[in-house]
Amino acid sequence: MTPVEAAVGVAGIAMALYAVLGGADFGGGVWDLLASGPRASAQRTAITTAIGPVWEANHVWLIFAIVASFTCFPPAFADVTIGLYAPLSFALVGIVLRGAAFVFRNYAGDAAGIARTWTIVFGAASLLAPFFLGDGLGALATGRYAWTSPFALCVGLLAVALAALQEPELIASLRHPVALIAIGVALLAGLATIACVAAHRDFAARAAVALEAIAVLGGWFGGQAPALVPGRFTFASAASSDAMIDAFLLCAAGGTVLLIPSLVLLFRVFKAPAR
């Protein structure tokens, strides 16, 4: 594995971790928006308790992926952020509003009207951010940055069937052996998630859905490799200098020594089973 491929792998791992951990937070926001009936308040309290201590820390993976991208692949980063300026900005607005609404709602106290307003903002922003992140990924996967195209919008809505009819080149890349294996793993993990939820095996369900998210991203990256942005950049053509790549990998390795134990401690403190 070359240093450039290693840098791509590091950035890919960060994206996968954000998809798993940040994605779970977004999902919690969606369920918060859809909570209804006599148990709605209890459901929202459970969601707040679940994501409250860790949701800010989960965004570290998105920040790390962005830093890795502009450090190691500056031409591609500039091209992508200009071409996808609108959906990425909308996603950023959703992320900011979501965090602000989550905090303000919790401090609303007995002001039911204010709390209800921030609850709506929190849920709506939890839809806005992942939709435009998915939309941006769909546009990125085509290499055309057409974020308003039916394909990109369908990716934002996770409509895989429509995607197959509109992007034959992308579908062809998904026939790559690595992509096919990843798709198979994702399907099996999805079935395992359903089975684990039905059997009330919560930890196994979390592990299965995490594997599913990682497999989806792995299939995409593996299918289009070595293209970073199809038709525009490969890993090599977008890469920084060898010295910059080596320095990034060294810093990433050193940072991992500090970051991973910190996050493990955070989850052990706030998410360990009650005794």
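The values are calculated or read from the model by the stated rules, or taken from the named source; none is laboratory data. Note that this is a predicted model, so its numbers are computed, not measured. Don't worry about glycine lacking a Cβ; one is built from the backbone with ideal geometry, like all the others, and counts go over all protein chains shown.
For the range 58-76, how many residues are more than 13 Å from ALA14 (Cβ to Cβ) and buried (at least 19 other Cβ atoms within 10 Å of the Cβ)?
2
Against the definition (among the aliphatic types (A, V, I, L, M), closer than 25 Å to SER240 by Cα, touching a Leu at 6+ places or on another chain (Cβ under 6 Å) and buried (at least 21 other Cβ atoms within 10 Å of the Cβ)), how does ALA91 come out, yes or no?
Criteria not met by ALA91.
So which residues in the range 214-246 are assigned to a helix (DSSP H, G or I), in contact with a strand residue (DSSP E or B) (Cβ under 7 Å, 6 or more places away or on another chain) and surrounded by fewer than 19 Cβ atoms within 10 Å (Cβ to Cβ)?
Selection gives PHE235 alone.
Which of the helices (runs of 4 or more DSSP H) found entirely inside the range 140-195 contain at least 1 residues meeting this: more than 20 Å from the chain's Cα centre (by Cα) and at pLDDT 85 or above?
Per the criteria, 150-156.
For the range 206-234, how many residues are under 21 Å from the mean Cα position of the chain (by Cα) and farther than 16 Å from VAL185 by Cβ?
Matching residues across the range 206-234 total 7.
From LEU211, LEU249, LEU187, LEU191, grab the single residue that is assigned by TED's automatic domain parsing to the domain that holds GLY22, of a type outside the set (Val, Ile, Thr) and surrounded by fewer than 20 Cβ atoms within 10 Å (Cβ to Cβ).
LEU249
Among the listed residues ARG98, ARG105, ARG116, identify the single one that is basic (Lys, Arg), at pLDDT 85 or above and under 22 Å from GLY27 (Cβ atoms).
On inspection, the qualifying residue turns out to be ARG98.
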